[in-house]
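Since every read-out is calculated from the coordinates, none of them should be taken as a lab result. Since the structure is predicted, the reported quantities are computational estimates derived from the model, not experimental observations. Cβ placement follows ideal geometry from the backbone for every residue including glycine, while neighbour counts extend to all protein chains displayed.
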Amino acid sequence: MNALAETLEGGPVNGLAEILDDAALAGRAVPRLTDAADLDVPAAYEVQRAVIERRLARGERVIGVKMGFTSRAKMVQMGVDDVIWGLLTDAMLVESHLDTAGLIHPRIEPEIAFLLERPVRGPADAVAAVGGVAVGYEVLDSRYEDFSFTLADVIADNASASGFGHGPWRPLRDVGNLGLVMEIDGRPVASGSSAAVLGDPLRSLTAAARLAAAAGVELQPGWVVLAGAATAAVPLPAGAHVRVSAAGLGHVEVTTR
Ligand code: OOG
């Protein structure tokens, strides 16, 4: 940590978490933390955890995890090349409407989501713990100016997590090569195959279990695991109707205002 970070109130980790949490609450972007602080990946996960602690202190509950950069399309789009994870809270779950007014520069991307029905202590437990699979989407809203960040920055920012939704849960089936289409106001804006997610989204689930175990986190029954986008993310405007469908899994819709 450099001098700037050390002078932040409550120690560097809490100070950096406060910057990101305040940015999310105010809907205002901030410069990248790494422009001023010497942040490596382990320290970035500490900041992420402190960001989540602040949400929990406001009464939010953790209800799942999200994976990031599990597809080449996303790695190329964001210029980052390592798989990361973040936590999802109940306040991020979108039913059918999303108010974008408080967001900075939201983007949306199609996802495959898994529902856990058993605790997962490590990768070996992961697939057997799945109680359902669904088509989903994630709303990203990087707290950084211009959606620009290094790997450590985006980890600290809880992997840009802002919102997510999913369609009806279906029994687990082979999801290794499903066609995914995302439409905004009836026009296809992104399409791809679930195979883009580490070759099979189940691999992303296993990776989530590995990262969680390494961090001492047990994935809980009832939690959702977002496997990561299969395509690049697209800007999410206000007043839009978004529909994401996956072959055999139905669809999920969200309307923004
Ligand atoms: C970071 C989050 C990436 C994914 O699905 O790859 C992600 C970002 O692009 O802002 O969630």
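Assorted remarks:
- Looking at the stretch 179-255, the GluC sites (Glu not before Pro) that sit in a DSSP loop and have at most 15 other Cβ atoms within 10 Å of their own Cβ are GLU218.
- Cα centroid of the stretch 203-257 to Cα centroid of the stretch 108-123, whole Å: 8 Å
- If you take all other residues with their beta carbon under 12 Å from the beta carbon of VAL47, and give Lys and Arg +1 and Asp and Glu -1, the sum is -4.
- Kirkwood Rh in Å, taken over the stretch 112-257 so that all alpha-carbon pairs contribute: 15.9 Å
- Sites ALA128 and ASP185 - FRET efficiency at Förster radius 30 Å, r taken between beta-carbons, to 0.05: 0.15
- Taking all pairs of distinct alpha-carbon atoms in the chain, Kirkwood radius in angstrom: 18.1 Å
- Coarse-grained scattering of the stretch 33-117 at q = 0.20 Å⁻¹, given as base-10 log I(q)/I(0) from a Debye sum over alpha-carbon atoms: -1.38
- Once you divide the Cα radius of gyration of the stretch 142-203 by 2.2 N^0.38 Å, the number left is 1.43.
- Crossing angle, helix 41-57 versus the chain [Cα axis fit, 0-90 degrees, rounded to tens]: 80 degrees
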